[in-house]
1. Condition first: more than 10 Å from the ligand (Cβ to nearest atom) and under 17 Å from residue A:165 (Cα atoms). Now tell me which residues in the stretch B:113-127 satisfy that.
2. I'd like the full set of residues that are touching a Gly at 6+ places or on another chain (Cβ under 6 Å) and within 14 Å of the ligand (Cβ to nearest atom), limited to the stretch B:134-145.
3. With respect to residue B:21, determine if the residue is in a helix (DSSP H, G or I) and within 12 Å of the ligand (Cβ to nearest atom).
4. Tell me whether the stretch B:114-133 contains one or more residues that are within 16 Å of the chain's Cα centre (by Cα), more than 10 Å from every other protein chain (Cβ to nearest Cβ), surrounded by 14 or more Cβ atoms within 10 Å (Cβ to Cβ) and not small (Gly, Ala, Ser).
5. Failed condition for residue B:156, given (1) modelled with pLDDT of 90 or more; (2) hydroxyl-bearing (Ser, Thr, Tyr); (3) away from the ligand (no atom under 12 Å from the Cβ); (4) closer than 29 Å to residue A:146 by Cβ, with all others met?
6. Counting residues that are touching a strand residue (DSSP E or B) at 6+ places or on another chain (Cβ under 6 Å), which strands (runs of 3 or more DSSP E) fully inside the stretch A:1-114 reach at least 2?
Amino acid sequence: MIVAELAERLRARHPDAVEARGEVTVVVSPDRLLDTLSSLRDEHDLRFTFLSDLTASDWPGLDLRFWLAYHLLSMEHLHRVRVKVGLPPRPDPPHVPSVTPMFPSASWLEREVFDFFGIVFDGHPDLRRIEMPEGWEGHPLRKTEGLGGVNTRYKGAFIPPPDQRST
Amino acid sequence: MPVQRISGAQLGQTEAELEDEAHRGILTTTLGKAVAWARKNSMWPATFGLACCAIEMMAAGAADYDLSRWGMEIFRASPRQADLMIVAGRVSQKMGPVLRTIFDQMPEPKWVISMGVCASTGGMFNNYGLIQGVDTIVPVDMYVPGCPPRPEMLMYGILRLHAKVQREARFK
Ligand code: SF4
């Protein structure tokens, strides 16, 4: 489907749908997220039945520090849309409702975002770290985390990175 | 066979007597050296390809470079059957405990080659994802630098390790 036509169709329900570079983005507030996603999924001329990606970005200093992006695909109409949600820095960790009950493919993606950004998805059936080891401290993709070498953490031992080791 | 025939120079044979034995086709050595010689000529590496370096390790084992020239073409999938671990590639934080478990499961004597800059120091990945040097987790005998090391470099590392294994016999 032509992107402009999709944007037009979306604007009837979401007036702030943006079309840029051939992509359509809808920005919603966290409390409207579930309603928006379920209407995108269920309305017959949209039918975004597949959540193909879910990710986040961190903008420290902005009023809305964390931005979640939900990428939806309609297998029926072969069109895509991006839904963005901004979250304020407080409270830390930020909370957002989980979409795993609605889109099962969100399960591991939400765990990944939780692991790397520390965003808590309320209602996720099993919100654990997925890529970093259990017991890791911090959320490595937050911009406020230190850059550079990390300690080797192994069975309680801590060994600093090579440039900080004394010989 | 009379005892003095197989005894070494420690038993006080003169040069002439040793020469005599050499002519009879008998080689004298210590048991340790003979064992080390057997070990170094038949090493059994464990498959431990973790990233891109593993491709070069596979190339070293395949027909062109042919590690079987040194009796080590079979990479064992079970650590119980291996005595050399070639850590080929970057070790992620989550892989560290797994790597140590596999090392612990290998029977003694065992050796470790750290292949590539990632395994040796973390390399270019100075970040949260990787262990900054596998030597923080297992004792490493030989470091092979490079990104990735060419098969020749890995083979050179292996040959240096062979020399080390042979040399270690002196102290056992
Ligand atoms: S040293 Fe280079 S080739 Fe080897 S694992 Fe690291 S990045 Fe890959």
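1. Result: B:126, B:127.
2. Of the stretch B:134-145, the ones touching a Gly at 6+ places or on another chain (Cβ under 6 Å) are B:137, B:142, B:144.
Residue satisfying the conditions is B:144 alone.
3. Answer is no for this residue.
4. Within the stretch B:114-133, one or more residues are within 16 Å of the chain's Cα centre (by Cα), more than 10 Å from every other protein chain (Cβ to nearest Cβ), surrounded by 14 or more Cβ atoms within 10 Å (Cβ to Cβ) and not small (Gly, Ala, Ser).
5. (4) is the only condition that residue B:156 fails.
6. Once the strands (runs of 3 or more DSSP E) in the stretch A:1-114 are filtered for at least 2 residues that are touching a strand residue (DSSP E or B) at 6+ places or on another chain (Cβ under 6 Å), what remains is A:23-28, A:50-58, A:66-74, A:79-87, A:95-97.
Matching residues to (1) more than 16 Å from the ligand (Cβ to nearest atom); (2) among the aliphatic types (A, V, I, L, M); (3) more than 20 Å from residue B:169 (Cα to Cα):
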| residue | (1), (2), (3) |
| --- | --- |
| B:35 | yes, yes, no |
| B:52 | no, no, yes |
| B:64 | yes, no, yes |
| B:74 | yes, yes, yes |
| B:80 | yes, no, yes |
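The values are calculated or read from the model by the stated rules, or taken from the named source; none is laboratory data. All values reported here derive from a predicted model rather than from experimental measurement. Every residue, glycine as well, gets a Cβ built from its backbone with ideal geometry; the counts of neighbours run over all protein chains shown.
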